[in-house]
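Colleague: Shown below is the structure under consideration.
The values are calculated or read from the model by the stated rules, or taken from the named source; none is laboratory data. Every value quoted in this text rests on a predicted model; they were computed, and no experiment measured them. Here Cβ is always computed from backbone atoms with ideal geometry, including for glycine, and neighbour counts include all displayed protein chains.
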Amino acid sequence: MKKQVLIIHGGDTYESYDDYLNLLKTIPVDMGFLKKGDGWKKNLQDDLGNDFEIFNPLMPSAWNMKYIEWKIWIERFFPFFKDGIVLMGNSLGGVFLAKYLSENDFPVRISQLYLIASPFDDESEEYLGELKLDDRISIIENKVNKIFIYHSKDDQVVSFGELEKYSKALPKAEKVIFEDRGHFKQEHFPEIVEKIKNN
């Protein structure tokens, strides 16, 4: 039986609807916006191989993420999930998973949780609103076999200090620190591939 891996991509959230509309009017665009998927998330199926089944759903309103919308949407897929699933949250996807798992039961056993370049509560770079976390997320350690927190010291999107907040709230989690990976905008992620295969 194939091992399942669910990836929740990142996104943005805004304090007001007008701020969001201003983004749509002013963001620089190029051909990349017309192509589906990007980077290591797009290549993970090939990198992991045929023993894995990758789910990489397009989450609703990724440019102006609302927690309740993502919660409803991910719960629609629960009938497809099997015990031993691997959960991965990239950037805003990570804080979404942390919040969800701290407040809700998951329908199947989770073997691994990856929080990759995820904000915790720092709003200096991005408004988090209802996504801001606190130490109550420690309950996640009772719901997941292994937790991995990935961050790079030169991340320009999510402050490196967020890693320590996750580490304090989730002391059993394994920290994986890089010096020069930024916000992990790379085509392949061999370190995560190896970790998934060996855990």
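So that you can scan it fast, the table gives a plain yes or no per residue for (1) small (Gly, Ala, Ser); (2) in a loop (DSSP other than H, G, I, E, B); (3) in contact (Cβ under 8 Å) with a residue 40 or more places away in the chain:
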residue: ASN50; (1), (2), (3): no, yes, yes
residue: ILE54; (1), (2), (3): no, no, yes
residue: LYS82; (1), (2), (3): no, yes, yes
residue: MET88; (1), (2), (3): no, no, yes
residue: GLY93; (1), (2), (3): yes, no, yes
residue: GLN112; (1), (2), (3): no, no, yes
residue: ASP121; (1), (2), (3): no, yes, yes
residue: TYR127; (1), (2), (3): no, yes, yes
residue: GLU130; (1), (2), (3): no, no, yes
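Colleague: Looking at (1) in contact with a Phe, Trp or Tyr (Cβ under 6 Å, 6 or more places away or on another chain); (2) modelled with pLDDT under 90; (3) assigned to a helix (DSSP H, G or I), which one does PRO60 not meet, given that it meets all the others?
Modeller: In the conditions (1) in contact with a Phe, Trp or Tyr (Cβ under 6 Å, 6 or more places away or on another chain); (2) modelled with pLDDT under 90; (3) assigned to a helix (DSSP H, G or I), PRO60 misses (3) alone.
Colleague: Name the single residue, out of those in the range 35-75 being basic (Lys, Arg) and either in contact with a Pro (Cβ under 9 Å, 6 or more places away or on another chain) or surrounded by 13 or more Cβ atoms within 10 Å (Cβ to Cβ) (or both), that is nearest to LYS185 (Cα to Cα).
Modeller: Our first condition is that a residue be basic (Lys, Arg); within the range 35-75, this holds for 35-36, 41-42, 66, 71.
Add one more test, that the residue is either in contact with a Pro (Cβ under 9 Å, 6 or more places away or on another chain) or surrounded by 13 or more Cβ atoms within 10 Å (Cβ to Cβ) (or both), and what stays is 41-42, 66, 71.
Working: LYS41: 10, LYS42: 11, LYS66: 23, LYS71: 25 Å.
That would be LYS41.
Colleague: A further question follows. Residue check: is LYS197 out of contact with any Lys or Arg (no Cβ under 6 Å at 6 or more places or on another chain), within 15 Å of ASP121 (Cβ to Cβ) and part of a helix (DSSP H, G or I)?
Modeller: Working: out of contact with any Lys or Arg (no Cβ under 6 Å at 6 or more places or on another chain): yes; within 15 Å of ASP121 (Cβ to Cβ): no; part of a helix (DSSP H, G or I): yes.
Answer is no for this residue.
Colleague: Do we find a residue being surrounded by fewer than 19 Cβ atoms within 10 Å (Cβ to Cβ) and of a type in the set (Ser, Thr, Tyr) anywhere in the range 139-151?
Modeller: The answer is no, given that none of the residues of the range 139-151 is surrounded by fewer than 19 Cβ atoms within 10 Å (Cβ to Cβ) and of a type in the set (Ser, Thr, Tyr).
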